[in-house]
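For reference, the structure is listed below as structure tokens.
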Amino acid sequence: MRKGWVMGLFVWAAMAHASDTLRVGSKVLSSGDSAARVVELLGKPLHKARGSKPASGKSARSKSKGQAARADTGGERWQYRRGGRTVMITLTDGKVSRIDDGG
């Protein structure tokens, strides 16, 4: 019984940090919304970061002409500060794919 309760607590904590929606005043930002909608609701981000890193493994070493292979690890991440918390919005192909609320 205790293990089930502890697992439920961990699942709840993970859901509090990564969500498909974010309430912004009386409006809601959702996965699938456009980058323009993010700016409309939250304004200009404090920081933007590309979500790619060098790939590793055999396919990266076999890349022709010495070019470094790159693997996308989640699109572009936009960082916001809201009420003392950090909110990360991940955009893939111009659409919200993940919302991390540091609450």
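Check Val11 against each of (1) part of a loop (DSSP other than H, G, I, E, B); (2) modelled with pLDDT of 50 or more; (3) over 16 Å from the mean Cα position of the chain (by Cα) and name the one condition it does not meet.
Result: Val11 fails condition (1) only.
Looking only at the stretch 27-38, which residues are surrounded by 13 or more Cβ atoms within 10 Å (Cβ to Cβ) and either part of a helix (DSSP H, G or I) or not small (Gly, Ala, Ser) (or both)?
Within the stretch 27-38, Leu29, Asp33, Ala35, Arg37, Val38 meet the criteria.
Search the stretch 80-93 for residues that are without any contact (Cβ under 8 Å) to a residue 40 or more places away in the chain and pair each with any residue that is of a type in the set (Ser, Thr, Tyr) when their beta-carbon atoms are under 6 Å apart and the residues are at least 6 apart or on different chains.
Note: pairs meeting the criteria are Thr90/Ser97.
Which one is nearest to Ser19 (Cα to Cα), of the residues in the stretch 81-103 that are β-branched (Val, Ile, Thr) and under 11 Å from the mean Cα position of the chain (by Cα)?
Ile99
The values are calculated or read from the model by the stated rules, or taken from the named source; none is laboratory data. Keep in mind the model is a prediction, meaning the values are calculated, not measured. Note: ideal-geometry Cβ built from the backbone for every residue, glycine included; neighbour counts use all protein chains shown.
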